[in-house]
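Novice: Structure below; questions to follow.
The values are calculated or read from the model by the stated rules, or taken from the named source; none is laboratory data. Every value quoted in this text rests on a predicted model; they were computed, and no experiment measured them. Here the Cβ is made from the backbone with ideal geometry for all residues, glycine too, and neighbour counts use every protein chain on show. These accessible areas exclude ligands, DNA and RNA; they are computed on the full protein's heavy atoms, side chains included. Shrake-Rupley method; radii C 1.70, N 1.55, O 1.52, S 1.80 Å.
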Amino acid sequence: MKNILFVASECVPFVKTGGLADVVGTLPKKFDKSEYDVRVIIPNYRCIPDKYRNSFRYIHHFYMDLGQRFSSVHVGIMEYELEGIKYYFVDNLFYFGGDRPYADTRFDIEKFIYFSKAVMAILPVINFHPDIIHCHDWQAGLVPVYLHTLYKDNPFYYGTKCIFTIHNLRFQGIWDIKTIRALSGLPDWVFTPDKLEFHEDANMLKGGLVYSDYITTVSDTYAGEIQMPYYGEGLDGLLRARNGSLCGIVNGIDYTAYNPETDENITKKYTSRSFKKGKAENKKALQQRLGLEVDENKFVLAIISRLTSQKGLDLVRYALDRMLDDYTQLVVLGTGDGQYEGLFRDYAWRMPHKVSANIYFDEALAHNIYAGADAVLVPSLFEPCGLTQLIGLRYGTVPIVRETGGLKDTVEPYNEYDGTGIGFSFANYNGDELLGAVNYAKKVYFETRKEWEQMVSRGMKTDYSWINSARKYADLYDSICR
Ligand code: ADP
């Protein structure tokens, strides 16, 4: 039996701001329980819904020193079991009392230094000895660093290895060395350019990568891209140096939560055989709900996304006027930068029967859009894996994507000559290419509907569940523990 601990800052169903939460909440359930005891630890945010928090079981609490500034900080440990997985929650109201997981960068840095150290201090208390600590993104970056410094001689951790998964290289947890040294209590010698130092600051993600035994990221293409300066976010040199212990394992999606056959959120359930009727009914219900013109012959294009520059929204802005002809409707669900929120609100205000801008987070509405739209647009500047295109495929909503990262690996483009492919794609970060891909999709949709339907059916039958990827993680755990 191997003990694995996932360390992350978010996890469904407790707290979610993006795809990281889906992965951390789903992957642990996919391992063979007789071989792998996988548990998860996240912060006990006050914004976790009460229906869960009220059932958390108190385990223990103690006081921990945190760097040079604080000598005794409260660490509470709560536990909850769901679908056979044990979740631990690090309790500290000062750090995790806000109404969302992340806010002010300086405070986030301190919050996740505390979190990483608390994780290391908690494991001996709950007596869970991990063979592998599987860290996710910069918020867990200091865990491998602590393991190799302050906890190096602690017999409890003998034999423990670290794997680090990069879900998004853009976010790194960077602050000045003096502050991070004082808050973390880490020795001076880790703040050198071959370890945590990064252009004279300290970089928590970099520390995690340097001190981990193996690095993964969430698609093959992204694993290659991040070793190049354009996508490397300043860490491409380090990642090239770690090339021998770096690989991509593509994310899956939760085929139980995202299933048009059983989804209670949607108007009409459907399968890969009954999607024609099913999707048409969901489309009408969606149009009605959002105040769009109710017409099943309109081409409904969806964007479900954080509204940030990563997601290629500059291209959408450039092409939008020409995308919105009389046969097309656009449904947006997302929050993020004011400039993009304003852009979609403005279009919805000017063309309420054609454009619907839903500037909030709403899981149930997301399901209704996946079920009711014809296509989902993901024109990202970079995309480590991307889940929206996978969810789209599951619901028979054809993805239109830029060929980067996981989008490139998961969406085989339509080929009209041999009748293959499950979506549409374009290569360069260019608004006219985006428009070309959307127009091609519309042409197939309006002029050769049979072809379109066959493509929908192929997409719905493609397997992007976790089965294959979980096996790859299991193989990796085995090879590292050997
Ligand atoms: P990222 O992790 O970069 O945000 P992903 O494509 O990996 O992007 O994951 C996005 C996830 O968040 C998907 O499950 C998508 O459906 C969901 N999502 C994004 N914005 C919203 C929103 N406003 N309301 C509901 N779900 C959303």
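Novice: Is it possible to state the helix-based mean residue ellipticity at 222 nm for the chain, with each DSSP H run of 4+ residues giving -39500 (n - 2.57), the sum divided by total residues, to the nearest 500 deg cm²/dmol? What is it?
Specialist: Only helices count here, giving -11000 deg cm²/dmol.
Novice: Still on this structure, please answer the following. For helix 431-447, what angle does its Cα long axis make with the longest principal axis of the chain, in degrees from 0 to 90 and rounded to 10?
Specialist: Approximately 50 degrees, to the nearest ten.
Novice: Seen from all sides and averaged, what is the projected area of the convex hull of the Cα atoms in segment 382-482, in nm²?
Specialist: For the Cα atoms of segment 382-482, the hull's average projected area reads 7.5 nm².
Novice: Per residue and in cubic angstrom, what volume does the convex hull of the Cα atoms of segment 203-359 have?
Specialist: Hull volume over Cα atoms, normalised by residue count, gives 163 Å³.
Novice: Still on this structure: Once phi is turned into θ = phi - 60°, what whole-Hz ³J(HN,Hα) does the Karplus curve with 6.51, -1.76 and 1.60 give for every residue of segment 278-290, x standing for Gly and Pro?
Specialist: Computed from phi, the couplings for segment 278-290 are x, 5, 4, 5, 5, 5, 4, 5, 5, 4, 4, 4, 9 Hz.
Novice: Efficiency by 1/(1 + (r/R0)^6): what FRET value for Thr262 and Asp104, r their Cβ-Cβ distance, R0 = 45 Å, to the nearest 0.05?
Specialist: Using R0 = 45 Å, I get an efficiency of 0.65.
Novice: So, one more: What's the Kirkwood radius of segment 142-284 in Å, using all Cα pairs?
Specialist: So the Kirkwood estimate lands at 18.1 Å.
Novice: Turning to a different aspect of this structure: Starting from the Cα of Tyr429, move 7 Å in the Cα-to-Cβ direction to define the label point; list residues of segment 218-256 whose amide nitrogen is under 18 Å from there.
Specialist: In segment 218-256, the label zone of Tyr429 (backbone N under 18 Å from the point 7 Å along Cα→Cβ) covers 221-237.
Novice: How much of the accessible area of the chain, probe 1.4 Å, is carbon plus sulfur, in whole percent?
Specialist: That fraction is 49 percent.
Novice: Quick one: angle between helix 363-372 and the longest Cα principal axis of the chain, in degrees between 0 and 90, rounded to 10, please.
Specialist: Result, in degrees: 30.
Novice: Right, something else. By the gyration tensor of its Cα atoms, with a ≥ b ≥ c the square roots of the eigenvalues, what is the shape of segment 275-462: rounded for a/c under 1.5, prolate for a/b over b/c, or oblate?
Specialist: rounded
Novice: Then there's this: Considering only Cα-Cα distances, which of the following residue pairs are longer than 32 Å: Lys2/Lys268; Lys86/Lys279; Lys2/Lys269; Lys2/Lys111; Lys311/Lys442; Lys2/Lys408?
Specialist: Check vs 32 Å cut-off fails for Lys2/Lys268; Lys86/Lys279; Lys2/Lys269; Lys2/Lys408.
Novice: Let me make sure I get this right: for segment 130-216, a, b and c are the square roots of the gyration tensor eigenvalues over alpha carbons, sorted descending. Under 1.5 in a/c it's rounded, otherwise prolate if a/b > b/c, else oblate. Which is it?
Specialist: The shape class here is oblate.
Novice: Relative contact order of the chain: what whole-number percent is it, with Cα pairs under 8 angstrom and at least 6 residues apart?
Specialist: 12
Novice: Moving on to the next point. Given the convex hull of the Cα atoms of segment 1-45, what is a quarter of its surface area in nm²?
Specialist: Computing the convex hull of the Cα atoms and averaging its projections yields 3.0 nm².
Novice: Dividing the Cα convex hull volume of segment 1-137 by residue count, how many Å³ per residue is that?
Specialist: Dividing the Cα hull volume of segment 1-137 by its residue count gives 106 Å³.
Novice: At 1.306 mPa s and 10 °C, plugging the Kirkwood radius over alpha-carbon pairs of the chain into Stokes-Einstein gives what diffusion coefficient in µm²/s?
Specialist: Answer from the Stokes-Einstein relation: 68 µm²/s.
Novice: Moving to a separate point now. Would you mind checking which residues have amide H under 5 Å from Gln329's amide H? H placed 1.01 Å from N; only 5 or more apart, or other chain.
Specialist: Hits under the 5 Å cutoff: Phe299, Val300, Leu301.
Novice: Taking θ = phi - 60°, what integer Hz values does the Karplus form 6.51 cos²θ - 1.76 cosθ + 1.60 yield along segment 51-66, in sequence order, with x for Gly and Pro?
Specialist: Residue by residue, segment 51-66 yields 4, 8, 4, 5, 9, 5, 9, 6, 9, 5, 8, 7, 10, 10, 7, 10 Hz.
Novice: 7 Å from Cα along Cα→Cβ at both Asp337 and Ser457: what's the point-to-point distance in nm?
Specialist: 4.2
Novice: If you don't mind, another one. Please list, in chain and number order, the residues 5+ apart from Val38 or on another chain whose amide H is under 5 Å from its amide H, with Hs placed from the backbone.
Specialist: Those qualifying (amide H under 5 Å, at least 5 residues apart or on another chain) are Ile4.
Novice: How much net charge surrounds Lys277 when only other residues with a Cβ under 13 Å from its Cβ are counted (Lys, Arg +1; Asp, Glu -1)?
Specialist: Combined, the nearby Lys, Arg, Asp and Glu give +4.
Novice: Accessible area per residue, 1.4 Å probe, Å², for segment 275-462: what's the number?
Specialist: Accessible surface, normalised per residue, equals 38 Å².
Novice: List the pair-distance distribution P(r) of segment 68-119, using every Cα-Cα distance, as the percent of pairs falling in each 10 Å bin from 0 up to the bin containing the longest distance, rounded to whole percents.
Specialist: In whole percents, the pair-distance histogram is 20, 49, 25, 5, 0.
Novice: Would you kindly derive the ³J(HN,Hα) couplings of segment 236-249 from the backbone phi angles with the Karplus curve 6.51 cos²θ - 1.76 cosθ + 1.60 (θ = phi - 60°), listing them in order in whole Hz, with x for Gly and Pro?
Specialist: 4, x, 4, 5, 5, 5, 9, 3, x, 10, 9, 8, x, 10
Novice: To continue, here is another question. Could you state the number of Å between the C-alpha centres of segment 252-320 and segment 59-94?
Specialist: The two parts, judged by their Cα centres, are 40 Å apart.
Novice: Next up: If I fit a long axis through the Cα atoms of helix 338-350 and take the longest principal axis of the Cα atoms of the chain, what angle between them do I get, 0 to 90°, rounded to 10?
Specialist: 20
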